[in-house]
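As structure tokens, the structure follows; a few thoughts come after it.
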Amino acid sequence: MLLGDERFFELVEEIGGKRLNNEQKEAITYTDGPLKVVAGPGSGKTEVIVLRALYLIAVKGVNPRSIFLVTFTKKASEEFFSRFVTYAGALKEKVKELSFEPYDIYAGTLHSLALKVMEEFQFSRFERYRLLEDFERDIILFKEFQDLKEGSKYRYFFDFFQLEREGITQEELYLQKLDVLSRLFEFIPQNLVDWRRLRGKKGTLGEAVELYVRYRKLLKNEKRLDYVHAEELFLRFLESEEGKRFLNGDGSEFFPGIDWVMVDEYQDTNPLDEEIYFALASRSKNITVVGDDNQALYRFRGAVVDCFIDFEKKCKERFGTEVKVVNLSKNYRSDREIVAFINYFITKHLKVNNEIRRGWERLSVKNKEKIKFASGIKSHEFLGDSVVEIKAGSNEELARKCCFFVKELKRKGVIKNYSDVVLLLPSTREFSKAGEKLAGYIKEVFTREGIPVYNPRSKALVMQKEVATVIGALCEIFPSEEFQEVIDEKVKFWKGTFNSEASPKLKEHVRNWKEKVESSKEESFNVMEIFYSLLQFEPLKSFKEELLTSLNLAKFSQLLSLFSQRVGEIPVENGKVKKEWLSEFYGTFLYLLSVKDADLKEVESVPEDMFPIMTFHQSKGLEFPIVIVGDLTEHRGDFKLGRLERLFGRDLSWERNTIDAVRKFYVAYSRAKYCLLILRKPEEETPEEGKPWKLAALPGFEREWHEEFSRKFREKLRERERGGH
Ligand SMILES: Nc1ncnc2c1ncn2[C@@H]1O[C@H](COP(=O)(O)OP(=O)(O)OP(=O)(O)O)[C@@H](O)[C@H]1O
């Protein structure tokens with residue numbers, strides 16, 4: 001049995017407790033071909049995707065196994081499933097004749113789905129490979145491209161990136177080169193560069209391709225696939241016989257073929273992804289993309305916002321079909337003043353100068369509607385304005401004022417928990433080479449005032465106390481004067497941390513291991529076994545039980561285990577550890593960990609009564625009652641990426657950096673429900689000459705911007721009141 005449209009909406013509105021607006025309904029019910037949903041922040045995008053999937057199943061009788069739904073992050077996919085399963089469960093409860101299994105849908109991130117499907121359909125080429133983790137890739141590159149230490153190798157290519165600067169050591173230069181390589185090796189497949197055609201050419205491009213071919217051979221020899229190449233293989237799969245069975249089905253319930261492709265966050269799609277989506281939709285042409293160009297954040301991961309902007313053109317070329325465009329512009333998240341502010345912020349940039357305006361026009365969806373206030377949310381009386389700023393002469397003063405503000409919020413009952421507020425920064429690191437950063441001051445002042453701070457990415461993994469203690473212990477057990485040289489300072493720091501943190505029992509345990517190694521004639525040791533045995537003792541035992549520290553230890557254990565799988569057991573002869581192992585441990589593993597800034601990938605849910613500090617990227621898709629945004633000028637254009645784009649003929653000049661930066665702030669600002677607080681230092685108001693991408697130089701950030709905005713906004717409200725609206 002199937003439901004009719006009206007009945008369906010009656011039921012889901014009852015279940016969800018909200019009335020859907022006409023645009024949302026249109027986006028849910030359109031089934032006549034390609035659909036593009038341009039969804040502003042807080043416009044109910046997730047709701048629409050969930051209900052669209054449910055609508056197809058419950059009203060149109062679509063088999064869930066013929067729906068392929070891609071979300072950008074694992075978190076978004078979990079959010080989708082939890083809402084989908086709740087809706088589906090409640091709907092089945094109300095209409096007993098509906099029988100379908102919600103989990104039959106193919107939903108997840110693109111690479112997770114790619115792997116799942118290739119396995120399910122036993123793609124023969126896939127069986128030969130294992131997935132390559134990022135850190136393992138770093139190790140492989142580090143070891144296999146040692147010849148690049150010679151200055152003359154691939155000279156044209158590396159000269160193009162202008163890496164050699166004054167004061168840079170040979171080791172640092174090598175790391176810079178590896179960084180360029182790891183981006184190159186993603187850039188080529190992500191952008192579908194026809195590298196085979198460029199093979200054998202001389203000069204910069206030829207060398208780039210030669211390096212890439214070396215990497216492909218390496219992957220093949222090691223029988224590994226990184227994430228991008230797994231997606232590339234998936235595209236080959238879709239063209240293969242096995243893939244055809246997946247796409248077209250075999251006439252059974254179980255393999256009905258793919259009829260509905262839906263992609264969330266399409267503004268962050270790259271050309272390889274795009275190719276995959278079009279291949280997936282080739283049979284039915286039912287492809288739905290949802291996104292917001294103003295929230296494009298992932299250019300550094302290869303995203304090309306043009307895929308979203310030019311979607312109509314692409315559909316016309318590929319399928320010869322028109323695209324239905326639906327604008328979701330009603331914002332259900334934020335207070336009226338915040339909605340007005342984010343509109344103001346984004347449109348003001350058009351006026352900055354002609355070049356930015358032209359870039360902006362090229363990189364934006366045409367005829368987009370302004371976001372409209374729809375929530376009925378009203379800021380708390382105490383707050384007065386909903387968009388406010390705090391100015392202070394120094395980071396320390398900013399931190400103090402900010403702390404006062406947060407304490408007052410709690411005292412006055414505006415917030416229940418500290419996790420109702422969030423501080424968003426371009427980077428959450430507390431220290432940099434130049435000294436303490438805003439996050440550092442905030443942590444210090446807040447902690448002093450008794451507000452616990454949740455900042456899991458406060459420092460590099462190896463600098464976190466719990467990880468440093470473990471590494472210090474391992475360095476004590478396997479000392480090496482010879483191989484620790486390159487990271488001498490770090491080893492001292494780890495050993496120092498171990499010595500000051502370790503309990504007497506842990507120290508004794510470490511001594512025992514050391515003696516065991518020294519007294520063995522011929523034996524091999526397993527580094528993971530040693531690692532786990534250390535965790536039985538204080539303070540590591542307690543670290544293992546606390547949320548934050550246990551996550552860091554888990555991350556380290558994962559990296560150590562990758563290393564251990566690569567190099568095998570620790571060989572000891574006559575009380576001496578073999579040099580090869582020590583060289584790998586200090587010279588590759590610990591060295592790369594120190595310089596690569598290995599990090600936790602995603603923040604888990606924020607503990608209730610802690611004050612969270614997050615990056616703009618982490619805040620994507622989330623919302624908070626009160627949002628504080630700081631570090632307005634901390635932006636560097638990504639020079640290496642810019643060069644790479646230029647090398648392959650995608651010349652995206654500097655205005656692109658400006659637009660990227662503005663969009664990051666747009667995402668951050670639009671997370672706020674009741675109040676947006678902006679922290680500003682006076683020097684951030686002074687534009688630096690000749691540096692047009694400095695945000696401080698842009699309208700919306702200019703001096704008195706807030707006063708101007710507030711005045712205009714209040715005038716408008718008054719006018720409206722006078723006009724009786
Ligand atoms: N028609 C509606 N009526 C009332 N509330 C709604 C409606 N549609 C969505 N909402 C609510 O609006 C809020 C924002 O929706 P959602 O989280 O889906 O935003 P989004 O479009 O994904 O935003 P962003 O792109 O900024 O992450 C949610 O709390 C959602 O339940």
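Tabulated data for the structure shown
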read-out: Proximal aspartates and glutamates to Lys316, defined as alpha-carbon separation beneath 17 angstrom and excluding residues fewer than eight positions away on the same chain; value: Asp32, Glu274, Glu275, Asp306
read-out: Ranked order, Ser252, Ser240 - accessible area, probe 1.4 Å, largest first; value: Ser252, Ser240
read-out: R0 of 51 Å, Cβ-Cβ distance Glu389-Gln536: FRET efficiency to nearest 0.05; value: 0.50
read-out: Cα centre as origin, Lys/Arg/Asp/Glu Cβ charges: the chain dipole, Debye; value: 1340
read-out: Label point at Ser520 placed 7 Å out along Cα→Cβ; residues across region 551-574 whose backbone nitrogen lies under 19 Å; value: 560-574
read-out: In order through region 148-165: 3J(HN,Hα) via Karplus (6.51 cos²θ - 1.76 cosθ + 1.60), integer Hz, x for Gly, Pro; value: 6, 5, 6, x, 7, 6, 6, 4, 4, 4, 6, 4, 4, 8, 6, 7, 6, 10
read-out: Residues with amide H under 5 Å from that of Phe431, placed H, sequence gap 5 or more; value: Lys437
read-out: Low-density loop positions, chymotrypsin sites (Phe, Trp or Tyr not before Pro), region 203-300 - DSSP coil, at most 16 other Cβ in 10 Å; value: Phe254
read-out: At 0.890 mPa s and 25 °C, Stokes diffusion of region 461-596 via Kirkwood alpha-carbon radius, µm² per second; value: 165
read-out: Antiparallel %, DSSP beta bridges [both residues in the chain], to 5; value: 15
read-out: Sequence ranges 134-144, 464-474, ranked by mean other-Cβ count within 10 angstrom, highest first; value: 464-474, 134-144
read-out: Solvent-accessible ranking of Lys664, Lys36, largest area first, probe 1.4 Å; value: Lys664, Lys36
read-out: Order of exposure, largest accessible area first, which applies to His111, His229, His509 with probe 1.4 Å; value: His111, His509, His229
read-out: Cα pair distances in region 93-153, grouped into 10 Å bins until the bin that holds the longest one, percent each; value: 15, 25, 22, 18, 11, 5, 3, 1
read-out: Lys505/Glu13 FRET efficiency (R0 60 Å; Cβ-Cβ; nearest 0.05); value: 0.45
read-out: Surface accessible to a 1.4 Å probe, Lys201 within the full protein complex, Å²; value: 100
read-out: Stretchable slack from Asp638 to Ser182, in nm (0.36 nm times residue separation minus alpha-carbon distance); value: 162.7 nm
read-out: Heavy atoms of Glu538 accessible to a 1.4 Å probe, total area in Å² rounded to 10; value: 80
read-out: Extended-chain gain in nm, criterion 0.36 nm per residue less alpha-carbon gap, Val213 and Arg125; value: 29.8 nm
read-out: For region 130-222, diffusion coefficient by Stokes-Einstein and Kirkwood Rh (Cα), 4 °C, 1.567 mPa s, µm²/s; value: 93
read-out: Share of carbon and sulfur in the accessible heavy-atom surface of the chain [1.4 Å probe, %]; value: 48
read-out: Förster radius 35 Å - calculated FRET efficiency between Lys492 and Glu397, Cβ distance, rounded to 0.05; value: 0.50
read-out: 3J(HN,Hα) from dihedral phi, region 388-399, Karplus parametrisation 6.51/-1.76/1.60, rounded to Hz, x for glycine, proline; value: 10, 10, 10, 10, 7, x, 9, 4, 5, 5, 4, 4
read-out: Modelled label reach - Asp5, point 7 Å along Cα→Cβ, region 21-35 residues with backbone N closer than 15 Å; value: 21-33
read-out: Exposure of Arg333 as accessible area (Å², to 10), given a probe of 1.4 Å and all protein chains; value: 20
read-out: Descending semi-axes in whole angstrom, ellipsoid equivalent of region 370-476, from the Cα gyration tensor; value: 33, 16, 15
read-out: Whole-number accessible area per residue in Å² for the chain, which is evaluated in the context of all protein chains at 1.4 Å; value: 44
read-out: Average projected area [Cα convex hull, the chain], square nanometres; value: 35.3
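The values are calculated or read from the model by the stated rules, or taken from the named source; none is laboratory data. On a predicted model such as this, the values are computed, not experimentally measured, just so you know. Every residue, glycine as well, gets a Cβ built from its backbone with ideal geometry; the counts of neighbours run over all protein chains shown. The area values use the complete protein model at the heavy-atom level, side chains included, leaving out ligands, DNA and RNA. Shrake-Rupley method; radii C 1.70, N 1.55, O 1.52, S 1.80 Å.
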